[in-house]
Amino acid sequence: MPTGKVKWFDASKGYGFVSNPGDEDVYVSAQVLPQGVKELVPGQRLEYDFAAGRRGPQALRVTVLDQGPRRAKHKYKPEELRGMVQDTITMLDTNVLPALEAGRRPDAKESRAIAEILRTIARELDT
């Protein structure tokens, strides 16, 4: 059985692809996943049997070898993130909106600080 890594898998669509060393990527349907496995994570290692399908190689049986790369953990607790979001809203209301309403942008130093705070919040929400 070949061993490959999950390239991508969309649980809502019910399929994805796994790498096939030295050959074309293999289509993986949710129907061939082991019992209890609902989705696959990019980078997760699998063993699989496959056959040639109409549109290319298709997995027939899949064995999950690991849980894949660990997902990023949250750096801030929900209550800390809540405070950051509230403070950011206040800062935007008092510093950014008045400048924009006056037809200008906040100065560069302030803009960089605000952008970094927004990126931090976005990373926390995205993980």
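Please identify every one of the chymotrypsin sites (Phe, Trp or Tyr not before Pro) in the stretch 15-117 that sits in a loop by DSSP and has no more than 15 other beta carbons within 10 Å of its own beta carbon. Numbers along the way, then the final one.
Details: sites: Tyr15, Phe17, Tyr27, Tyr48, Phe50, Tyr76; in loops: Tyr76.
Passing sites in the stretch 15-117 are Tyr76.
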Taking DSSP loops as anything outside H, G, I, E and B, show the longest stretch in the chain free of trypsin sites (Lys or Arg not before Pro) there with at most 14 other beta carbons within 10 Å. 76-103
How many angstrom lie between the Cα centre of the stretch 1-16 and the Cα centre of the stretch 22-37? 5 Å
Rounded to one decimal in nm, the spacing of the 7 Å Cα→Cβ label points at Leu65 and Asp25 is 1.9 nm
Nothing charged except the Cβ atoms of Lys and Arg (+1) and of Asp and Glu (-1): what's the magnitude of the dipole of the chain about its Cα centre? Round to the nearest 20 debye. 160 debye
Length-normalised contact order of the chain, Cα under 8 Å, at least 6 apart, in percent, tallies to 18 percent
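Rounded to the nearest 500, what is the 222 nm mean residue ellipticity of the chain from helices alone, with -39500 (n - 2.57) per DSSP H run of 4+ residues and division by all residues?
Numbers: 3 runs with 38 residues, N = 127.
Only helices count here, giving -9500 deg cm²/dmol.
Only the coordinates and a few stated rules stand behind these numbers; no lab work does. Just so we're clear, the structure is a prediction, and the values are computed from it rather than from any experiment. Cβ sites come from the backbone with ideal geometry, for glycine too, and all protein chains shown count toward neighbours.
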